[in-house]
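Student: This is the structure I have questions about; it appears just below.
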Amino acid sequence: MKIVDGHVIVCCPGRNFVTLKLITDEGTYGIGDATLNGRELAVASYLEDHVLPLLIGRNPGRIEDTWQYLYKGAYWRRGPVTMAAIGAVDTALWDIQGKTLGVPVYHLLGGPSRDSVLVYGHANGTDVDDTLRAVERYCELGYQAIRVQSGVPGLEGTYGVGRGDMYYEPAEPGLPPEQRWSTELYLDFVPELFARVRSEFGPEPMFLHDVHHRLTPIEAARLGKALEPYHLFWLEDAVPAELQEGFRIIRQHTTTPLAVGEVFNTIHDCQQLIQEQLIDYIRTAVVHAGGISHLRKIASLAELYHVRTGCHGATDLSPVCMAAALHFDLSVHNFGIQEYMRHSEETDRVFPHEYTFERGAMHPGDAPGLGVDIDEELAAEYPYQRAYLPVNRKLDGTVHSW
Ligand code: EZ4
Ligand code: CO
């Protein structure tokens, strides 16, 4: 069997997505997500201009060999653009392999290690009361685990608080919007928020919180310590993680479980974090960390050190990535949790899928391959629209991590 053709589909059914499609001489095809929020066209060009010519004529069953060929063969290694492109190829090849053998991809990954995949949803509100109402609605929808984000009094707009109801989409068409930030106001507010959440909903629901890279290690240590009475499932991205050893400081001070990794691209970004047991959950995503093949290597390293997986699953990762993540999650032994921000109806129509949600857990379905498709005719009705993530500034105007 040979890859004979391929193309990249860029569409915007409510938000931008980049999808790779590889077609074989037997007529089967596979798809992979290549979406890099705010930098979409760079990955589309990397694939179209530099990768597709290398794939024509290759045997699609040589998944690991193709990964190594694209990674080592480029000479230039790592980085989000390269790794999203490799991730898309890898995902499409697993899809083809599953379809060729007539089995869902999780069967190729060792079969199911569990019956279904625990997911967490996103409750957010402009203030505490608004946020509590959102948490209640997620509980009613059956979610057992809920990420809680709230507007901070005195700050206009903050990470995780959406414009719509029960929905969060940070990217904006046009040029990047700017937000304002105060670490002081935030640190005073968050423990109060979780005190209210626990007193209203009791000890049972699992609650998570995303700091979104905005603290220093010692500030994160203070927050983790202050949140200990409320038993968070995890505290996410407490600090920007370029400095892996920075997590030692947080770890010395708090037992609040730590999660990180949605912006990581390779195992090298988390090697020290995992081997020194500085984190509890690794959040690398299929699309941004080199596909299913590379994610399995990260999970195997993590398994040795009692670190579990908690894949990124925001709306800017397409349903193709979501499907691939669910096959990975179902099969890998040291699975922890999967993020699930529901996509818009427009997006779900463009990407018909087999995966299902029931009582706070998901299943990838049993269709051969990934069980997800792209309706190219419908996708063509939604052309690309330039959009960016916000930029963040402190109250005095200094640029801060968003
Ligand atoms: O801000 O995916 O945990 N989820 C997140 C996301 C990220 C977006 C960036 O594109 O932090 O909402
Ligand atoms: Co996050």
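Student: In this structure, is Glu48 on the phi < 0 side of the Ramachandran plot, out of contact with any strand residue (DSSP E or B) (no Cβ under 7 Å at 6 or more places or on another chain), among the charged types (D, E, K, R) and open to solvent by 60 Å² or more (accessible area, probe 1.4 Å)?
Tutor: Details: on the phi < 0 side of the Ramachandran plot: yes; out of contact with any strand residue (DSSP E or B) (no Cβ under 7 Å at 6 or more places or on another chain): no; among the charged types (D, E, K, R): yes; open to solvent by 60 Å² or more (accessible area, probe 1.4 Å): yes.
Criteria not met by Glu48.
Student: Report, by residue number, each residue of region 110-146 that is open to solvent by less than 20 Å² (accessible area, probe 1.4 Å) and under 20 Å from the mean Cα position of the chain (by Cα). Lay out the reasoning, then the answer.
Tutor: Taking region 110-146 as the starting set, the residues that turn out to be open to solvent by less than 20 Å² (accessible area, probe 1.4 Å) are 111, 117, 119-123, 125, 131-132, 134-135, 138, 143, 145-146.
Val117, Val119, Tyr120, Gly121, His122, Ala123, Tyr138, Tyr143, Ala145, Ile146, listed by residue number.
Student: Now for a separate question. Going by the structure shown, is Phe194 surrounded by 19 or more Cβ atoms within 10 Å (Cβ to Cβ) and without any contact (Cβ under 8 Å) to a residue 40 or more places away in the chain? Can you show your working first?
Tutor: Numbers: surrounded by 19 or more Cβ atoms within 10 Å (Cβ to Cβ): yes; without any contact (Cβ under 8 Å) to a residue 40 or more places away in the chain: no.
No, not satisfied.
Student: Further, regarding this structure: Does any residue of region 60-69 turn out to be within 21 Å of Val263 (Cα to Cα) and open to solvent by 10 Å² or more (accessible area, probe 1.4 Å)?
Tutor: Our first condition is that a residue be within 21 Å of Val263 (Cα to Cα); within region 60-69, this holds for 67.
So of that shortlist, the ones also open to solvent by 10 Å² or more (accessible area, probe 1.4 Å) come out as 67.
Yes, the conditions are met somewhere in region 60-69.
Student: State all residues of region 163-218 that are within 15 Å of ligand 2 (Cβ to nearest atom) and in a loop (DSSP other than H, G, I, E, B); if no residue qualifies, say none.
Tutor: Tyr168, Glu169, Pro170, Ala171, Val211, His212, His213, Arg214, Leu215
Student: Related question: Considering only region 57-69, I want to know if a residue exists there that is touching a Pro at 6+ places or on another chain (Cβ under 7 Å) and in a loop (DSSP other than H, G, I, E, B). Write out each step before concluding.
Tutor: Taking region 57-69 first, the residues touching a Pro at 6+ places or on another chain (Cβ under 7 Å) are none.
No, region 57-69 contains no residue that is touching a Pro at 6+ places or on another chain (Cβ under 7 Å) and in a loop (DSSP other than H, G, I, E, B).
Student: Got a sec? Which of Gly151, Gly164, Gly121, Gly160 is among the small types (Gly, Ala, Ser), in the same structural domain as His327 (by TED's automatic domain parsing) and touching a residue at least 60 places away in the same chain (Cβ under 8 Å)? Show your work before the answer.
Tutor: Details: Gly151 fails: touching a residue at least 60 places away in the same chain (Cβ under 8 Å); Gly164 fails: touching a residue at least 60 places away in the same chain (Cβ under 8 Å); Gly160 fails: touching a residue at least 60 places away in the same chain (Cβ under 8 Å).
Residue meeting the stated conditions: Gly121.
Student: Would you point out the residue of region 202-224, among those that are more than 22 Å from Thr158 (Cα to Cα), more than 16 Å from ligand 1 (Cβ to nearest atom) and in contact (Cβ under 8 Å) with a residue 12 or more places away in the chain, that is surrounded by the most Cβ atoms within 10 Å (Cβ to Cβ)?
Tutor: Quick first cut of region 202-224, residues more than 22 Å from Thr158 (Cα to Cα) only: 202-206.
Subsequent filtering for residues that are more than 16 Å from ligand 1 (Cβ to nearest atom) retains 202-205.
Right, trim to in contact (Cβ under 8 Å) with a residue 12 or more places away in the chain and you get 203, 205.
Details: Pro203: 7, Pro205: 19.
For region 202-224, the residue satisfying everything is Pro205.
Student: Which number in (1) away from ligand 2 (no atom under 16 Å from the Cβ); (2) out of contact with any Leu (no Cβ under 9 Å at 6 or more places or on another chain) marks the one condition that Val152 misses?
Tutor: For Val152, the exception is condition (2).
Student: In addition: In the list Arg386, Arg393, which residue meets the criterion of being within 16 Å of ligand 1 (Cβ to nearest atom) and over 19 Å from the mean Cα position of the chain (by Cα)? Walk me through it before giving the result.
Tutor: Working: Arg393 fails: within 16 Å of ligand 1 (Cβ to nearest atom).
After applying the criteria, what remains is Arg386.
Student: Follow-up question, since we're still on this one. Within region 252-270, how many residues turn out to be touching a Cys at 6+ places or on another chain (Cβ under 9 Å) and more than 22 Å from Ala289 (Cα to Cα)? Talk me through it step by step, then tell me what you get.
Tutor: Of region 252-270, the ones touching a Cys at 6+ places or on another chain (Cβ under 9 Å) are 260-262, 264.
Okay, now just the ones that are also more than 22 Å from Ala289 (Cα to Cα), so none.
Summing the residues that are touching a Cys at 6+ places or on another chain (Cβ under 9 Å) and more than 22 Å from Ala289 (Cα to Cα) in region 252-270 gives 0.
Student: Condition test on Ser182, is it among the small types (Gly, Ala, Ser) and open to solvent by 40 Å² or more (accessible area, probe 1.4 Å)?
Tutor: On the way: among the small types (Gly, Ala, Ser): yes; open to solvent by 40 Å² or more (accessible area, probe 1.4 Å): no.
In short, no.
The values are calculated or read from the model by the stated rules, or taken from the named source; none is laboratory data. Values in this document were obtained by computation on a predicted structure and should not be read as measured data. We place every Cβ from the backbone using ideal geometry, glycine too, and count neighbours over all the protein chains shown. Heavy atoms of the whole protein, side chains included, go into the accessibility calculation; ligands, DNA and RNA do not. Shrake-Rupley method; radii C 1.70, N 1.55, O 1.52, S 1.80 Å.
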